[in-house]
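Structure first, then comments.
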């Protein structure tokens, strides 16, 4: 299986779950997260 590298634009309500699931998936990696709210990036 090929690796999947993803950038998430707009962390919003589902952002933390999406990033966690991508990071835990075999071959998955969240390489960047962008959001207007600094609190969402913490």
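The values are calculated or read from the model by the stated rules, or taken from the named source; none is laboratory data. From a predicted model like this one, the values you see are computed outputs, not experimental measurements. Here Cβ is always computed from backbone atoms with ideal geometry, including for glycine, and neighbour counts include all displayed protein chains.
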Inset, instruction - State which residue pairs qualify: first residue on the phi > 0 side of the Ramachandran plot and inside region 5-17, second residue surrounded by 12 or more Cβ atoms within 10 Å (Cβ to Cβ) and assigned to a loop (DSSP other than H, G, I, E, B) in any location, beta carbons under 9 Å apart, and separation of 6 or more residues or different chains. - result: 10/35; 12/35
Legend entry - Whichever residue in region 33-42 is loosely packed, with under 13 Cβ neighbours inside 10 Å and within 11 Å of the chain's Cα centre (by Cα) and, among such residues, is modelled with the highest pLDDT: 34
Legend entry - Top-ranked residue in region 10-27 [being more than 21 Å from residue 38 (Cβ to Cβ) and outside any helix (DSSP H, G or I); ranked as nearest to the chain's Cα centre (by Cα)]: 25
Inset, instruction - Please work out which one of (1) in contact with a strand residue (DSSP E or B) (Cβ under 6 Å, 6 or more places away or on another chain); (2) outside any strand (DSSP E or B); (3) surrounded by 13 or more Cβ atoms within 10 Å (Cβ to Cβ) is the condition residue 30 fails and give its number. - result: (2)
